[in-house]
1. Stretch residue 285-residue 12 to full length: gain in nm at 0.36 nm per residue minus the Cα-Cα span?
2. Treating each Cα of the chain as an identical point scatterer and ignoring solvent, apply the Debye formula and state log10 I(q)/I(0) at q = 0.09, 0.11, 0.12 Å⁻¹.
3. To the nearest 10 degrees, how steeply does helix 149-159 sit against the main Cα axis of the chain, on a 0 to 90 scale?
4. Mind checking the angle between helix 87-106 and the chain's longest principal axis? C-alpha axes, 0 to 90 degrees, to the nearest 10.
5. So if R0 is 56 Å, what FRET efficiency would residue 440 and residue 76 give, r being the distance between their Cβ atoms, rounded to the nearest 0.05?
6. Less than 14 Å Cβ to Cβ from residue 183, Lys/Arg counted +1 and Asp/Glu -1: what total charge do the surrounding residues give?
7. For residue 82, what is the net charge nearby, where nearby means another residue's Cβ is under 11 Å from its Cβ and Lys, Arg count +1, Asp, Glu -1?
8. With point charges of +1 on the Cβ of Lys and Arg and -1 on the Cβ of Asp and Glu, referenced to the Cα centre of the chain, which listed residue (202, 7, 26) lies farthest in the positive direction of the dipole?
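The values are calculated or read from the model by the stated rules, or taken from the named source; none is laboratory data. The shown structure was predicted, so the numbers you read here are calculated from the model rather than taken from an experiment. Neighbour counts run over all protein chains shown; Cβ positions are idealised from the backbone, glycine included. All accessible areas refer to the heavy atoms of the entire protein, side chains included, with ligands and DNA or RNA removed. Shrake-Rupley method; radii C 1.70, N 1.55, O 1.52, S 1.80 Å.
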Amino acid sequence: MLLVWIIIIPFIGSIICWHSQYLNKNIPKWLALFINIILIILSIKIYQHINFNQKSFLINKIPVWDIEFCTKWINRFNINIHFAVDQLSSLMILLTNLLGIITIIISWNNINKYPGLFYFNIILIITSTIGILLSIDMILFLFFWELISVPIFILIIVWGDKNIKKRIQNAINFFIYTQISGIILLCSIIMLSYINYKNTDIWSFNYNTLLKVHMSKITENILMLGFLVSFLIKAPIIPIHKWMIDTHISNPTNSTVDIIGFLLKIPLYGILRFNISLFHEAMSNFSTIISYLLIVSMFYSSLMALAQKNLKKLITYNLIMHTKFVLIAICNINKFIYPGIIIYIISNILSTLALFILCKQIHEHLSTFNIEKMGGLWKEKKIFPIITLFFILANIGLPGTGNFIGEIIILLGIFKKSLIISILMSLNLLFSSIYSLIILQKIFYGKKKKLIKVQKINFKILSINIFLIITTLLIGLYPEIILKEIKYKTNNINYYIENK
């Protein structure tokens, strides 16, 4: 029942948070914090149940899950409420709830407008993300995949850009793109299930069952592209990326933290969980073409980041570039690359999250996101520039950080398959280092162009930054802390990695 409680508790808790604002405006944030602490405890309990020493995960090509819950939902089509967890999903759930705690802390004194509704949406994003990570019935997965769009849409509408028209336009753009992603995914799932029905005369949306579906190479290619495009829309890819830029610009940093976790983690998880295992041959056949398209997208993202004057936009383009780096690694996945992907996803989420928090602090000091109007912060603020310098360097792969370990493992793994792809990826990382250092110089050095507000040290933000620094260094200096957890096969995924 652990898997059920980790969904039910935040869902009911989010509704209580919403309505508690009518009693007292401070109650929702305390409730949200309490709910997230419970989720952290449940996540740790689930994590402890995982059998990391189990070496045999597949019986007749059917995964053996560490914890599983299944009950009937829609009998006619054999659709179930089916939750299951393995090493990969347990790590991602733990990371999701950690991001939830950070989101609540940084928004503690900043949400005065409808605080109950704000925390309702934050907790609902967490609930939906956990649901996505646990669902192995494809219709249930799709339900949570679509559900998560609702709270993000509300966050953009209510707490987005000061310009109401722009706020509404950004929310509509976001909703349209996410619905396109959902429709493509729905069609792909139904088509896959229909093929299984034609083969067995039984309707099933169970992931375990669909793993054994026999189909022609053309059909497999079409379905693989359907799933892949659906996930890539939310990753996102160039040229359908503008909605993500607008989403991050429109949202306050308080909610951006949770959205970063979703946008970077969930599409990548979807490709790892479903594309690699359901369509492993098609993914292997298309890996080179997809890799070169993603490399073009990486260079475009880097050029766009260099051209930006808005600091928030620059960080978002940088996030898109690093996401493409991971996607290339997933497309060329092998037993060697897999640990690097997990380390890189975790480290990149933490460093990008820190950069968005620091971006908010810069705005508080200078009242602008315009890089051209910044400068001279190093002399005025001592601790703050050092922390920013660390995370900028971590983001570009400073040795000793988790990002560096992830990059090295990925590049070495891809080097075995394609020298050209690994060289192009390395050049792009070099390019991102150049624009990151240029931006650092513009913000902290040179003459002061605006009056810098004198503010007391925010110990909540400082403690979060210190925690993120320690975690990033711990992963970088002692990567075995994660590597030993994924040393053995991660359920059925590693089976298909080894057989690609």
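1. Extending this stretch completely gives an extra 93.8 nm.
2. One equal scatterer on each Cα of the chain leads to -0.60, -0.92, -1.11.
3. Taking the Cα atoms of the chain, the angle to 149-159 is about 10 degrees.
4. 30 degrees
5. 0.40
6. Neighbour charge sum, excluding residue 183 itself: 0.
7. Working: positive: 72; negative: 68, 137.
Once positives and negatives cancel, what remains is -1.
8. Of the options given, the answer is 26.
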